[in-house]
Every structure is written in structure tokens, then in C-alpha cells.
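To start, the structure itself, in C-alpha cells.
Nothing in this text is a laboratory measurement; each read-out follows from the coordinates by a stated rule. This is a predicted model, so every value here is computed, not measured. Glycine gets a Cβ as well: all are built from the backbone with ideal geometry, and neighbour counts include every protein chain shown.
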Amino acid sequence: MSNFDTRKFDAVCKLMREGATEGEREAAQSAAERIASKAGMTLEGALTRHGPVNTPETSRPTSIFEAMFSSPEFQEIYQERERDREERRKQALARYGSRDAIFAETQNEAILSSAVENYKIWDVYTDESGKNHPYVESLEGYSGTFNLAEVEPVLVERVRDAYPVPRSLRQVLNELIEWDDIYRVRQLFEPVEHWPWVQLRCLVLEKELSERPVESWDDLAARMEWIQLRLEDGPWGTDWLLPLHQRLVQDHQILQDMSKAPVQNGPSPRTNAQKADAVLQLIQEMPSASVREIARRAGVSPQTVLNWKRRVQV
């Protein structure tokens, strides 16, 4: 399933042409390559197939890009990136053991797949030999959107509840990073996308990172790290910034309120009943122990131990 974001691709292509600095243009090119890669294409293929779509002078950008791709400078950068990809492929094979292991279904992928089994829409791919291969084309109620509100609620619920969403935002971020890691490793070998059920799980995790109230300073740190990762992934527009800013303001108030709450140092003081239980248990377990030894272990005075010994003996 293709997740090609035409609007974002058009925006970064514009930055590739019109960026104010070389660094800005290079960053836009990297973002365009990532968008194309997620849709299973090279940058050249995406430009040929999709546009950019909102450019009045359609012939001019094409010639600019062609000139850029054929230039010695671009070819040198391309070859360097290919050498880097080859090195990362070697590292991935050393880490996983084999190519098959890299693409093997993980335990969590299997759990998520099972959770949406009744919503899978199947199709058939016929290879060059004429053999048919059934595959999941999509999910009923999910169009590949990046907006969780546009997904059928029952699908969201099944993916969310397939296995527990992590308790802390730090753990939520760690799971999202794990999914991104396996995606990037597989992309080194094949231009494949996450399965739709994994895409939905990632959207659920991103919603948690975007909207869940914090419970600790580490939760806030995790949220800030996620924002940084999202910003580094490329231009996203500004629609998400205002609600996220409001979430951060609320987080700040939560942590301020927590800091004003009275802090209790050390464990709560024991009641007399708890002290008595400790003494009686030690008397029973250590009948030959001295009064002072029992008092030391129970954390009470020797007189308290004597009092309870007398009561037991009566």
C-alpha cells in the first residue's frame, strides 16, 4: 500500500529549488528522498511520476532536477550514500543473522495481524512464472490516512488493545522507535512499508505522545524527544503545532502542581499493630533469640519486646 504524501512532497520539492541556503536545500532533498522511499520509489521515480504538482512552470523544474541528477557533484553524493547503505546492510545482516530474519514476522506483528484478521481485504499477485500469491491489500475502514480520526473506531480499538499500550510516555516512545528501527532496516533491502496494522499501531502510539497528560518529568522529556524526531523527519506543516503547544502548557501545569504537593521522606511510620505483628512473628520464629536481638530486628525498644513476651507466656 502506497503512503505517498503528495502535498508534503510538493512542499519539499519547492524548498529543493528555492531554499535560501545550501543546507536548507540539502535538508529538503533528504526529506523528499524519505517521502519517496516510504512509497517504494526513488526520488527520481517520484519526480517522474508525481510532479511536483503545484508548479506553474512544469518544464523548468524537470530540467533543473535532471541537471542536478546528472551533475558530478550529485553523482558523488549518490555514490557515497550507496556506500553508506551497503555498510548499513552489512551491519544489519550481522545483527539479525540473515535477510530472512530481517523480514520475518515479529511477535508483535503477529499479534496485531491476528487482531484485525476479519478486516483484511485480500488481493492476488501473479509472478512471472504464473504462480498466484495472495496478499493483504488493505484493511476495511482504513485508507492509509495519517489521521487516526479518519479510521474506523473498531479498528483503532483492536490495534490499541491487541497488547497493552505502555504505561509511561518513555515506554511509548521506545516502542515507536523500535517500529521505526525495523522499518529502516528493511528499507535497506526492499522498498517495503509497514503492514497496515503496524501503521495503525504507530498512529495510536503517536496519539499517546501527542495527547496523553504527563505523570512525570520523564514523560515530558519523552514527549520533547518525540517532537524533535518528528521535526527532523521533514516538513510537516503547522496544523499540529498549536494543539501540541496547548498540551505542553497543560503538562507544565501538571508538573507545577505536583511540585507543590507535600513530599514525604522515607516510608510511612508503622502503627502499633504493625510493630506488634513484627515482634510476635520474630518471637515465634526465633524462640531462643535475646530480647535485644528481637528488638533490633523488629525496630522497637527492648521493653516492647519484654511486654509482648509476657503477654504470650500468660
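Quick notes on this one:
- Kirkwood-based Rg to Rh ratio, segment 177-231, C-alpha trace: 1.05
- Sorted by Cβ density within 10 Å, fewest first, the residues L306, L209: L306, L209
- Bridging of K8 to lysines at a Cα separation below 26 Å is possible for K38, K207, once same-chain residues fewer than 8 apart are set aside.
- Filtered GluC sites (Glu not before Pro), segment 161-249: DSSP coil and at most 16 other beta carbons within 10 Å: E215
- Stokes-Einstein diffusion of segment 136-279 at 4 °C, 1.567 mPa s viscosity, Kirkwood radius from Cα pairs, rounded to a whole number: 71 µm²/s.
- Ordering of 216-223, 28-35, 83-90 by burial proxy (mean other Cβ atoms within 10 Å per residue, highest first): 28-35, 216-223, 83-90
- Rounded to two decimals, the Cα-based Rg/Rh of segment 272-313, with Kirkwood Rh, is 0.89.
- Low-density loop positions, chymotrypsin sites (Phe, Trp or Tyr not before Pro), segment 134-201 - DSSP coil, at most 16 other Cβ in 10 Å: F146, F189
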